[in-house]
2 protein chains.
Amino acid sequence: MSDADRQTTGSSGHGQRVAVVGAGMAGITCTRSLVRAGRSVTLIDKARGPGGRMSTRRTEHGAIDHGAQYFTARNPRFREEVNAWIADGVVQEWHGPLATIGSDGLMMIRGDNRRFVGVPRMSALTRHLSASCKTLFNWRVARIERHGTDWWLHEERGARLGPFDLVVVAVPAPQAIPLLQGAPSLAMRARSAVLAGCYAVMLVYDERLPLPFDGAFVNRGPLSWIARNSSKPGREGAETWVLHASPDWSEAHIEEPPDQVIPMLLAAFAEAVNAKLPQPLLAVAHRWRHALPINLLEEPCLFDPELAIGACGDWCGGPRVEGAYLSGAALADLVIAHRDQPAG
Amino acid sequence: MSDADRQTTGSSGHGQRVAVVGAGMAGITCTRSLVRAGRSVTLIDKARGPGGRMSTRRTEHGAIDHGAQYFTARNPRFREEVNAWIADGVVQEWHGPLATIGSDGLMMIRGDNRRFVGVPRMSALTRHLSASCKTLFNWRVARIERHGTDWWLHEERGARLGPFDLVVVAVPAPQAIPLLQGAPSLAMRARSAVLAGCYAVMLVYDERLPLPFDGAFVNRGPLSWIARNSSKPGREGAETWVLHASPDWSEAHIEEPPDQVIPMLLAAFAEAVNAKLPQPLLAVAHRWRHALPINLLEEPCLFDPELAIGACGDWCGGPRVEGAYLSGAALADLVIAHRDQPAG
């Protein structure tokens, strides 16, 4: 065993040692369910912390949610969970008025749809949920290899982690495909999922923008969504905004550098709201290469009980934060149901 | 009142006369819920019968489902309903083996995902569900106009239908937009939804195709789905297949005539299954211009209680047959909750 190896501890019996790759909502949910069922789970992510697309960029002027902007809750199981998160103080309802902007101009959205956000930032929710999980960050899984009935996770540069009895791949489908090479039927299935990119821009202003809404769905030009991030509950600091470019525009411009894209999206922002806007104090871009599932798998999750590997995410079953949660929960249910089945 | 007018009967009080435009799963579900709550509902569709995209083309060699191919059920409310439909004998599980076809070849899909179909054809389900509804077919609504607190539905050639106290628009978003002009905020909201087209081809063969699957998700070339329609429960007659072109391919070719498209998709079929296939006895194409929601609204449905108009469909809230059902049910719930509110 080389220095680069990490031996998983607590080999508490066959089928008990689980690796979950990807600490977004799907992976965290799956991890928590499996831990509750007595599994020893290691949650691994390439980033410095949990959250995946439910994440927040910290700036000197305050934190800005640049991925998932809020979430809704329809499924009873998920609604119950959201209520628990509210009770835990990590989620609140966002009451900011929303608008739609189209070729006809701007209209406010009425209706009683409830929108939730993590507080004091989106990433606070996933941080809270993963706090009790055994986590390994800054660790990018490049390959997952099977030796006998053991799974080993390999980093690009040669470090490996294992052995595991079962592996869960909870990353966007295009990133899941290479990790599922040990289960070709799952990898092929993941190829059916299509995710569109999203070019995001975060903005800080030294004054409140005089716009009548805190969020707007935009149906013309390069943008699809604009939001006053600082209007969400519990946010402190300066006036902050987030712009999301549309899937089509993002796909066409995803390879262009931020210094070219930011001015284009700032101009689109001013055009969408039909106003001259002040120069932002700070403008930062983020490229989500796999942001929005536009072709979902029918299955809530993928699982091969014989090979003991599965996959979950918002590209399975149902979209959005809620879909990711339900996918992770569904995979954990399947794994637990197959508990007594031999893994090899 | 001209001959072309149709007066709605049974004006049983303010807020009671409802028109539902679109007899797909969303519209039918909304209609049934409102009827149960005591409303007088007229269900209107431009086609000769109910079904929308859950429809079936009859040929001299048997009927072929050319729209929705099957459905899944995750939400408890919808699962309960599916169980009732099974008990009613209009739905059965489709056990046909499924495959995935990609650049690596063909792999069978394992897993216990349950897939349901209408029997003996997809349209039998929507026909059953709408049987007790007051329906008006072959009636294409071109405009919906408000006069005082009354809604009137206008056909292209001048016939009108009304008055109604409340209107539900249950057609795909691009068709809903012009019908929602009386409620501009709803129309603008509907513009956020994006639906991709689907070029479908129905095939009849005089022999069983020697393929190891009854349905396959295709991840390369022009096709996205191929299925042995005759493998579904209760189907009689010849060997029939359905091909669905991918969203991208369909968008690029939607204006091309069937006699050009059918040979291309037949060649893609042979290429996908890597086999020489016999000439079909019959090949019929259908263009679904708005087949697959690829950008959903967050709201399960749209409703303006003051104007007494709403919209629902698989482009709201959640995708697929299940999403359409839940959207229609959600809108009915809102309408019923606003029962005592004045409509104008």
Query raised in the report: A:GLU145 passes all but one of (1) more than 16 Å from A:MET25 (Cα to Cα); (2) loosely packed, with under 15 Cβ neighbours inside 10 Å; (3) without any contact (Cβ under 8 Å) to a residue 24 or more places away in the chain; which number fails?
Result: (3)
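For the structure I just gave you, tell me whether B:PRO50 is crowded, with 21+ Cβ neighbours inside 10 Å and assigned to a loop (DSSP other than H, G, I, E, B). Reasoning before the result, please.
Details: crowded, with 21+ Cβ neighbours inside 10 Å: yes; assigned to a loop (DSSP other than H, G, I, E, B): yes.
Yes, satisfied.
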Query - In segment A:199-236, the residues that are in a strand (DSSP E or B) and either among the β-branched types (Val, Ile, Thr) or within 14 Å of chain B (Cβ to nearest Cβ) (or both) - result: A:VAL201, A:VAL204, A:GLY215, A:ALA216, A:PHE217, A:VAL218, A:LEU223, A:SER224, A:TRP225, A:ILE226, A:ALA227
Report summary line: Of the residues in segment B:237-248 that are touching a Ser or Thr at 6+ places or on another chain (Cβ under 8 Å) and not in a strand (DSSP E or B), the one that is surrounded by the fewest Cβ atoms within 10 Å (Cβ to Cβ) is B:GLY237
Query raised in the report: Could we say that A:GLY182 is without any contact (Cβ under 8 Å) to a residue 60 or more places away in the chain, within 14 Å of chain B (Cβ to nearest Cβ) and not aliphatic (A, V, I, L, M) here?
Result: no
Requested in this report: Kindly establish whether B:PRO163 is surrounded by fewer than 21 Cβ atoms within 10 Å (Cβ to Cβ), without any contact (Cβ under 8 Å) to a residue 40 or more places away in the chain and either within 14 Å of chain A (Cβ to nearest Cβ) or closer than 22 Å to B:SER33 by Cα (or both).
Outcome: no
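Step by step: first the residues of segment B:185-198, then only those that are touching a residue at least 60 places away in the same chain (Cβ under 8 Å) and either assigned to a loop (DSSP other than H, G, I, E, B) or polar (S, T, N, Q) (or both), then the one that is farthest from B:ALA268 (Cα to Cα). Which residue is that?
Initially, segment B:185-198 is screened for residues touching a residue at least 60 places away in the same chain (Cβ under 8 Å), giving B:185-186, B:189-190, B:192-198.
Right, trim to either assigned to a loop (DSSP other than H, G, I, E, B) or polar (S, T, N, Q) (or both) and you get B:185, B:192-193.
Numbers: B:SER185: 43, B:SER192: 33, B:ALA193: 30 Å.
Out of the qualifying residues, it is B:SER185.
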Report summary line: Taking segment B:196-208 and keeping residues surrounded by fewer than 24 Cβ atoms within 10 Å (Cβ to Cβ) and in contact with a Pro (Cβ under 8 Å, 6 or more places away or on another chain) leaves B:ALA196, B:GLY197, B:VAL204, B:TYR205, B:ASP206, B:GLU207
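Restricting to segment A:106-129, count the residues that are more than 13 Å from every other protein chain (Cβ to nearest Cβ) and charged (D, E, K, R). Break it down into steps so the answer makes sense when it comes.
Residues of segment A:106-129 that are more than 13 Å from every other protein chain (Cβ to nearest Cβ), as a first pass: A:117-129.
The next check asks that each one be charged (D, E, K, R); those that pass are A:121, A:127.
Result for segment A:106-129: 2.
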**Report entry** Odd one out for A:ALA84, checked against (1) part of a strand (DSSP E or B); (2) more than 13 Å from chain B (Cβ to nearest Cβ)
**Finding:** (1)
Report summary line: Turns out the strands (runs of 3 or more DSSP E) fully within segment B:256-336 with at least 3 residues that are surrounded by fewer than 18 Cβ atoms within 10 Å (Cβ to Cβ) are B:282-295
Query raised in the report: Given the conditions (1) under 22 Å from the mean Cα position of the chain (by Cα); (2) over 30 Å from B:PHE116 (Cβ atoms); (3) within 14 Å of chain B (Cβ to nearest Cβ), and given that A:HIS286 satisfies all but one, which numbered condition is not satisfied?
Result: (3)
Query - Conditions (1) over 23 Å from B:ARG208 (Cβ atoms); (2) without any contact (Cβ under 8 Å) to a residue 40 or more places away in the chain; (3) basic (Lys, Arg); number of the one not met by B:ARG287 - result: (2)
Report task. Can you confirm whether segment A:68-79 contains a residue that is in a helix (DSSP H, G or I), within 14 Å of chain B (Cβ to nearest Cβ) and without any contact (Cβ under 8 Å) to a residue 40 or more places away in the chain? Result -> yes
Requested in this report: Kindly provide the set of residues from segment A:113-129 that are crowded, with 22+ Cβ neighbours inside 10 Å and in a loop (DSSP other than H, G, I, E, B), ordered by number.
Outcome: A:ARG121
Requested in this report: Return only the number of the condition from (1) in contact with a Lys or Arg (Cβ under 9 Å, 6 or more places away or on another chain); (2) surrounded by 16 or more Cβ atoms within 10 Å (Cβ to Cβ); (3) free of Cβ contacts under 8 Å to residues at least 40 places away in the same chain that B:ARG110 does not satisfy.
Outcome: (1)
Report summary line: B:SER103: passes all of (1) away from chain A (no Cβ under 14 Å); (2) surrounded by fewer than 18 Cβ atoms within 10 Å (Cβ to Cβ) but (1)
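Quick one: how many residues across segment B:83-92 are surrounded by fewer than 22 Cβ atoms within 10 Å (Cβ to Cβ) and either in contact with a strand residue (DSSP E or B) (Cβ under 6 Å, 6 or more places away or on another chain) or among the hydrophobic types (A, V, I, L, M, F, W, C) (or both)?
Taking segment B:83-92 as the starting set, the residues that turn out to be surrounded by fewer than 22 Cβ atoms within 10 Å (Cβ to Cβ) are B:83-90, B:92.
If we keep only those that are either in contact with a strand residue (DSSP E or B) (Cβ under 6 Å, 6 or more places away or on another chain) or among the hydrophobic types (A, V, I, L, M, F, W, C) (or both) as well, we get B:84-87, B:90.
Total meeting the criteria: 5.
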Report summary line: Among (1) within 14 Å of another protein chain (Cβ to nearest Cβ); (2) assigned to a loop (DSSP other than H, G, I, E, B), B:ASN138 falls short only on (1)
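Kindly establish whether B:ASP314 is charged (D, E, K, R), modelled with pLDDT of 95 or more, over 22 Å from B:PHE71 (Cα atoms) and outside the structural domain of B:ARG228 (by TED's automatic domain parsing).
Details: charged (D, E, K, R): yes; modelled with pLDDT of 95 or more: yes; over 22 Å from B:PHE71 (Cα atoms): no; outside the structural domain of B:ARG228 (by TED's automatic domain parsing): yes.
No, not satisfied.
The values are calculated or read from the model by the stated rules, or taken from the named source; none is laboratory data. Only a predicted model underlies this, so the values are computations on that prediction, with no experimental measurement involved. As a convention, Cβ positions derive from the backbone with ideal geometry for all residues, glycine included, and neighbour counts pool all protein chains shown.
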